[in-house]
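The values are calculated or read from the model by the stated rules, or taken from the named source; none is laboratory data. Computed from a prediction, not measured in an experiment: that's the story for all the values here. Heads up, the Cβs are rebuilt from the backbone with ideal geometry, glycines too, and the neighbour counts pull from every protein chain shown. For the accessible areas, the whole protein counts, side chains as well, though only heavy atoms, and no ligand, DNA or RNA atoms are used. Shrake-Rupley method; radii C 1.70, N 1.55, O 1.52, S 1.80 Å.
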Amino acid sequence: MKTQKIIGALLLSLSACIWGGMFVVVKLVVGLVPPIELVWLRYLIAVLVLTLISLLLHERWPINWRDLKLILLIGLIGNTLSIVSQETGTWLSNAQTGAVITSATPTFMLLFAAWLLKERLTKVRVLSISLATAGVIMIVGIHLTGKHVLLGVVALIIAALTWALMSVLIKRLSGTYSALQTTILSGSVAIICLTPAIILRRSVITQINFMNPTIILCLLYLGVISTALAFVMWNHGLRLVNASSSGLYFLLQPLVGTLLGWLLLHEAITWGFLFGAGLIILSVWLSIRFDIG
């Protein structure tokens, strides 16, 4: 059991690190591919790749209506509403505000896990999440700027709430469907939900230069790595770790994103980043050392 939880912690950490890199990739490509089209394309690529893998593995697809209803909710709440809210909130405010507000996700996961899964609110869990949240704030600061900052903040709070709820709902799945199948189904829900907007804005997608190497590489990273691979690892990791603790690993995103921004985009590293990174690493260590058994 302890080995399983360590594997779960590793999978969640790797997913968060991949998503941290995603912020840099999105920054490179969002000027070439608008946000809604970008989200739709990354899910389309991910679902196609994962479906091919599922076929090669000869996975069985039994019918479990209870789990299918939950996966429908997961796709609506997490893969669609949360991601679109996060993109919208970041656009209306800024990336720093987005990172700070979405760092509330683990706190919401802690509360949802206590309510829906009856998990205990232990002192270690509360302390770990408090330290990690403080670390995120130290890394990115609080800069409430943007065209419509209040609407942006509301959208980001919705993103944090819905991601937390999605992650807890995944724990309620019976195990009929693998993490691979769950990701295919929930991603398909997102594609279906976003397709009407793509059709209405079809002139936008026809103007995208799909022969541009930057667009090709960024879409491959976003579709194959940060959506297909990272979502499968996240969905599987959630099954191995307590829901109230798993949100902690989500906060590795701004740490990795800031580091990659420094390495690839030549963005500045501050003392706040170093202290904040220390707090996040300490919080993860506390969770693994005292709360993983």
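Under 20 Å from a label point set 7 Å out along the Cα-to-Cβ vector of W115, the amide N atoms of region 148-181 belong to 154-173. Number of Lys-Lys pairs in the chain with C-alpha atoms under 22 Å apart and a separation of 8 or more places or on different chains: 11. Accessible area per residue for region 1-127 is 51 Å², calculated with a 1.4 Å probe on protein heavy atoms, without ligands, DNA or RNA.
Under the rule of -39500 (n - 2.57) per DSSP H run of 4 or more residues, summed and divided by the residues of the chain, what mean residue ellipticity at 222 nm is obtained, to the nearest 500 deg cm²/dmol?
On the way: 15 runs with 214 residues, N = 293.
Helices in the chain give a 222 nm mean residue ellipticity of -23500 deg cm²/dmol.
If R0 is 25 Å, the Cβ-Cβ spacing of K27 and T195 corresponds to a FRET efficiency of close to 0.45.
First compute the accessible area of region 1-133 with a 1.4 Å probe, then give the percent of it belonging to carbon and sulfur atoms.
Details: 4890 of 6570 Å².
So the carbon and sulfur contribution to the accessible surface is 74 percent.
For the chain, the relative contact order comes to 43 percent (Cα pairs under 8 Å, sequence separation of at least 6).
Dipole magnitude of the chain about its Cα centre, charges +1 at Lys/Arg Cβ and -1 at Asp/Glu Cβ only, in debye to the nearest 20?
Numbers: 18 positive and 7 negative charges, 132 e Å.
Using only the charged Cβ atoms, the result is roughly 640 debye.
For E119, what accessible area in Å² do you get when you roll a 1.4 Å probe over the heavy atoms of the protein chains, rounding to the nearest 10? E119 exposes around 30 Å² with every protein chain in place. Here the simple spin-label model places points 7 Å from the Cα toward Cβ, and for I269 and I53 these points are separated by 3.1 nm. Treating each Cα of the chain as one equal point scatterer and applying the Debye formula with no solvent, the log10 of I(q)/I(0) at q = 0.11, 0.12, 0.16, 0.17 Å⁻¹ comes out as -0.63, -0.75, -1.38, -1.55. Projecting the Cα atoms of V136, A159, L173 onto the charge dipole of the chain, computed from C-beta unit charges around the Cα centre, puts L173 farthest toward the positive end.
Please give the length that would be gained between L68 and W262 if that part of the chain were fully extended, namely 0.36 nm times their separation in residues minus their C-alpha to C-alpha distance (nm, one decimal).
Roughly 65.6 nm would be gained on extension.
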